[in-house]
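A.B. asks: Just passing along the structure, written as structure tokens.
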Amino acid sequence: MAPKKPSDRFYGTGRRKCAIARVWLKPGEGNILINGRDFKEYLGRPVLEILVKSPIVLLEVDGRYDIVATTKGGGISGQAGAVRLGIARALIEMDLNLRSPLKKAGFLTRDARIKERKKYGRKKARRGFQFVKR
């Protein structure tokens with residue numbers, strides 16, 4: 001396999017809850033697009049903007065790469081977490097030496113918490129039906 005050129009795009013997949021994000025990283029000015037829209041416009045909340053940018057800020061490469069992400073499933077918060085994992089994985093594909101600081105910061109851990117399935121005889125996963133003693 002040929003070594004990666006600096007002009008290549010680097011890919012990472014991120015998942016959280018029911019959300020899946022496909023993330024491409026390429027050298028650029030630091031633009032972040034999620035589903036064809038600017039990430040600040042798409043996410044809407046400053047907390048989620050900080051969450052998405054955290055791997056880039058940690059490695060101090062903010063403004064050096066353009067990020068294009070497509071997400072589907074889940075909600076905005078889950079999609080933001082999926083994009084963060086995808087960015088971290090794409091950074092590792094770009095340079096394997098970045099794995100150690102990202103792992104130490106916890107950006108490579110897949111958050112496995114998902115919604116629990118509904119059980120029969122119950123209203124939701126654990127909540128029972130309302131009981132009336134008559």
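A.B. asks: Does any residue in region 98-114 that is surrounded by 13 or more Cβ atoms within 10 Å (Cβ to Cβ) come within less than 8 Å, Cβ to Cβ, of a residue that is assigned to a loop (DSSP other than H, G, I, E, B) six or more places away or on a different chain, and which pairs are these?
C.D. replies: LEU98/LEU59; ARG99/LEU108; PRO101/LEU59; LEU102/LEU59; LEU102/LEU108; ASP111/LYS17
A.B. asks: What single numbered condition from (1) surrounded by 10 or more Cβ atoms within 10 Å (Cβ to Cβ); (2) part of a loop (DSSP other than H, G, I, E, B); (3) not hydroxyl-bearing (Ser, Thr, Tyr) fails to hold for ILE92?
C.D. replies: Every listed condition holds for ILE92 apart from (2).
A.B. asks: Identify the residue in region 95-134 that is small (Gly, Ala, Ser) and part of a loop (DSSP other than H, G, I, E, B) and, among all such residues, is nearest to ALA19 (Cα to Cα).
C.D. replies: The residue in question is ALA112.
A.B. asks: Kindly evaluate ALA69 against the criterion of being assigned to a strand (DSSP E or B), touching a residue at least 60 places away in the same chain (Cβ under 8 Å) and over 21 Å from LYS104 (Cβ atoms).
C.D. replies: In short, no.
A.B. asks: Which of the residues belonging to region 6-57 are of a type in the set (S, T, N, Q) and assigned to a strand (DSSP E or B)?
C.D. replies: Answer for region 6-57, where residues must be of a type in the set (S, T, N, Q) and assigned to a strand (DSSP E or B): just THR13.
A.B. asks: Right, here's the next one. If a residue must be loosely packed, with under 13 Cβ neighbours inside 10 Å and within 21 Å of ARG9 (Cβ to Cβ), how many such residues does region 35-56 contain?
C.D. replies: Final tally of qualifying residues: 3.
Bear in mind these aren't lab numbers, they're just calculated from the coordinates by the rules spelled out. Since the model is a prediction, treat every value here as computed from it, not as a measurement. When we count neighbours, we look across all protein chains shown, and the Cβ atoms used for this are built from the backbone with ideal geometry, even at glycine.
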